[in-house]
Amino acid sequence: MIEMSKSKLIEAIQNGYTLFKTLLAELDVEQMIQPGSIGKWSVKDTMAHILIHEQRMIQWMKERLRGGYPLLPQPYAMPDDELDRLNERIYQENHDRSLGDILHQLDQTHAEALTLVETSIEEDILDPYRFHLEGGEPLWEAIAANTFWHYEEHGQDIRDSSLRAFGEAVST
């Protein structure tokens with residue numbers, strides 16, 4: 001079991017985002033918009049995927065923290081086939097958005113998520129019984145799944161696709 005505190009969570013979100021943005025800064029525009037980085041997705045599509053999941057988490061969290069019961073399910077708790085359909089819908093709805101728009105929204109959404117965590121009561125974030133999440137986990141795990149764990153997961157996908165592209169360029 002991971003020991004977590006609100007300050008550690010905030011630090012992990014900040015550090016995870018910094019590492020993700022550092023990785024993105026190594027890519028040029030062409031590398032970001034080229035399809036096929038992760039399946040049919042470009043890096044831009046991957047950023048949109050992260051963005052929308054983080055926005056959904058923020059919406060869900062705000063509703064729960066107000067005492068409501070969101071209609072929006074948390075993706076980390078969805079069955080795989082349902083999550084695949086959601087991710088395909090996110091791809092279809094965001095594929096034609098500009099890279100600049102995605103980058104801007106990604107920064108704004110990250111800042112909003114960070115502020116939401118910073119202004120939340122620590123017990124709300126850490127108590128596994130506070131919100132009765134699907135697997136009985138504390139809210140911080142849902143936050144991690146939609147922030148720094150997500151940045152790390154797809155950051156690795158981007159690194160792997162860059163290595164594949166480099167290997168193909170070297171072998172030709």
Every residue in the range 109-122 that is part of a helix (DSSP H, G or I), surrounded by 11 or more Cβ atoms within 10 Å (Cβ to Cβ) and of a type outside the set (Gly, Ala, Ser), please. Thr109, His110, Glu112, Leu114, Thr115, Leu116, Val117, Glu118, Glu122
Tell me which residues, restricted to the range 3-49, are surrounded by fewer than 20 Cβ atoms within 10 Å (Cβ to Cβ) and acidic (Asp, Glu). Glu3, Glu11, Glu26, Asp28, Glu30
Give me the helices (runs of 4 or more DSSP H) completely within the range 1-67, filtered to those with at least 1 residues that are of a type in the set (D, E, K, R) and either touching a Phe, Trp or Tyr at 6+ places or on another chain (Cβ under 7 Å) or in contact (Cβ under 8 Å) with a residue 60 or more places away in the chain (or both), ordered by residue number. 6-25, 43-65
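Among the residues of the range 96-108, is any part of a helix (DSSP H, G or I) and over 18 Å from Met32 (Cα atoms)?
Within the range 96-108, one or more residues are part of a helix (DSSP H, G or I) and over 18 Å from Met32 (Cα atoms).
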Are there any pairs, at least 6 apart or on different chains, whose C-beta atoms fall under 7 Å, with the first in the range 102-128 and over 21 Å from Pro138 (Cβ atoms) and touching a residue at least 24 places away in the same chain (Cβ under 8 Å) and the second buried (at least 19 other Cβ atoms within 10 Å of the Cβ) and among the basic types (Lys, Arg), and if so, which? Ile102/Lys44
Residues being buried (at least 17 other Cβ atoms within 10 Å of the Cβ) and either more than 16 Å from the chain's Cα centre (by Cα) or over 24 Å from Leu51 (Cα atoms) (or both) - total across the range 127-148: 3
Among the residues of the range 73-90, is any in contact with a helix residue (DSSP H, G or I) (Cβ under 6 Å, 6 or more places away or on another chain), assigned to a helix (DSSP H, G or I), without any contact (Cβ under 8 Å) to a residue 60 or more places away in the chain and charged (D, E, K, R)? no
Using the structure shown, decide if Arg85 is loosely packed, with under 14 Cβ neighbours inside 10 Å and farther than 19 Å from Ile143 by Cα. yes
Check on Tyr151, closer than 24 Å to Glu3 by Cα, modelled with pLDDT of 95 or more and part of a helix (DSSP H, G or I): yes
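The values are calculated or read from the model by the stated rules, or taken from the named source; none is laboratory data. All values reported here derive from a predicted model rather than from experimental measurement. Methodologically, a virtual Cβ is constructed for each residue, glycine included, from the backbone with ideal geometry; neighbour enumeration extends over all protein chains shown.
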